[in-house]
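Engineer: Once you've had a glance at the structure underneath, I'll fire off some questions.
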Amino acid sequence: MALFRFPSEPPSRPLIRTPNLYLRAPQASDYSAWAMLRIESRDFLTPWEPTWNEDDLTRASFRLRAKRAAREIASDEAYSLFIFEAHTEILLGGLTLGLIRRGVAQACTLGYWMGKRHAGKGHMAEAVRGAVRFAFSELALHRVEAACLPNNEPSRRLLERIGFQHEGLARAYLKINGVWADHLLYAVLSGDALPGAKP
């Protein structure tokens, strides 16, 4: 008997709901909205992300991305989710609870991106709060980690406002925009008191 079932299509139901948003796995029908948002936000996102592959925005690449997200959710390896505004169902960005470690760690790594036209409106803070609650209550994790570039002031402020604590500096931690870059390390624990826990 298999421990996990690997669906051919991503789960369609939202995994996380907040007062103004819902987060769910990417689906094939999201391709056009996702590609348009990524294209129009490219200059905005490039300084903070790995170098985009030449085929990154193709429909075939997106289909593989969605299938991988479904497999990882089914196997409890990672939760790669799209962020939607609840009342308009507009795609705003994405968020991942990835690199899930069970056993003695019970931890994961948080990553996120927001489309340029939706940035600075509080959407990501609400999404991250919802994801942290999901990680602790639904996934029974003990620790959520995050990292950001030292000059990414908006991301630093977001993490600190939600309750992540700065834990140190990792040298040449991730290859961002083609360069191995130092990152500030943050984490929040399941027992931490979180400011603004109910957005």
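The values are calculated or read from the model by the stated rules, or taken from the named source; none is laboratory data. Bear in mind the structure is a predicted one, so any value in this text is a computation, not a measurement. Cβ sites come from the backbone with ideal geometry, for glycine too, and all protein chains shown count toward neighbours. The accessibility values were calculated without ligands, DNA or RNA, using every heavy atom of the protein model including side chains. Shrake-Rupley method; radii C 1.70, N 1.55, O 1.52, S 1.80 Å.
Engineer: Can you spot a residue in the range 166-185 that is in contact (Cβ under 8 Å) with a residue 40 or more places away in the chain, closer than 22 Å to residue 16 by Cα and outside any loop (DSSP other than H, G, I, E, B)? Quick ask: steps written out before the conclusion?
Structural biologist: Just the residues of the range 166-185 that are in contact (Cβ under 8 Å) with a residue 40 or more places away in the chain, to begin with: 174-178, 185.
Checking which are closer than 22 Å to residue 16 by Cα leaves us with none.
No: the range 166-185 contains no residue that is in contact (Cβ under 8 Å) with a residue 40 or more places away in the chain, closer than 22 Å to residue 16 by Cα and outside any loop (DSSP other than H, G, I, E, B).
Engineer: Run residue 14 past the list (1) touching a Lys or Arg at 6+ places or on another chain (Cβ under 6 Å); (2) of a type outside the set (D, E, K, R); (3) modelled with pLDDT of 95 or more; (4) open to solvent by less than 40 Å² (accessible area, probe 1.4 Å) and report the number of the one that doesn't hold.
Structural biologist: (3)
Engineer: Pick out, from the range 27-90, the helices (runs of 4 or more DSSP H) lying fully within it that include 3 or more residues that are open to solvent by less than 50 Å² (accessible area, probe 1.4 Å). If you could, list the steps in order and put the result at the bottom.
Structural biologist: Details: elements: 31-40, 42-45, 59-74.
The qualifying helices (runs of 4 or more DSSP H) are 31-40, 59-74.
Engineer: Name the residue that is farthest from residue 174 (Cα to Cα), counting only residues in the range 108-121 that are out of contact with any Gly (no Cβ under 9 Å at 6 or more places or on another chain) and without any contact (Cβ under 8 Å) to a residue 40 or more places away in the chain.
Structural biologist: Going through the range 108-121, the residues out of contact with any Gly (no Cβ under 9 Å at 6 or more places or on another chain) turn out to be 116-117, 120-121.
Checking the rest, the ones that are also without any contact (Cβ under 8 Å) to a residue 40 or more places away in the chain come to 120-121.
Details: 120: 25, 121: 27 Å.
Among those residues, the one meeting the criterion is 121.
Engineer: Just to check your reading of the model, which residue among 109, 96 is touching a strand residue (DSSP E or B) at 6+ places or on another chain (Cβ under 7 Å), of a type in the set (S, T, N, Q), within 19 Å of residue 14 (Cβ to Cβ) and not in a loop (DSSP other than H, G, I, E, B)? Working first, answer last.
Structural biologist: On the way: 109 fails: within 19 Å of residue 14 (Cβ to Cβ).
Only one candidate qualifies: 96.
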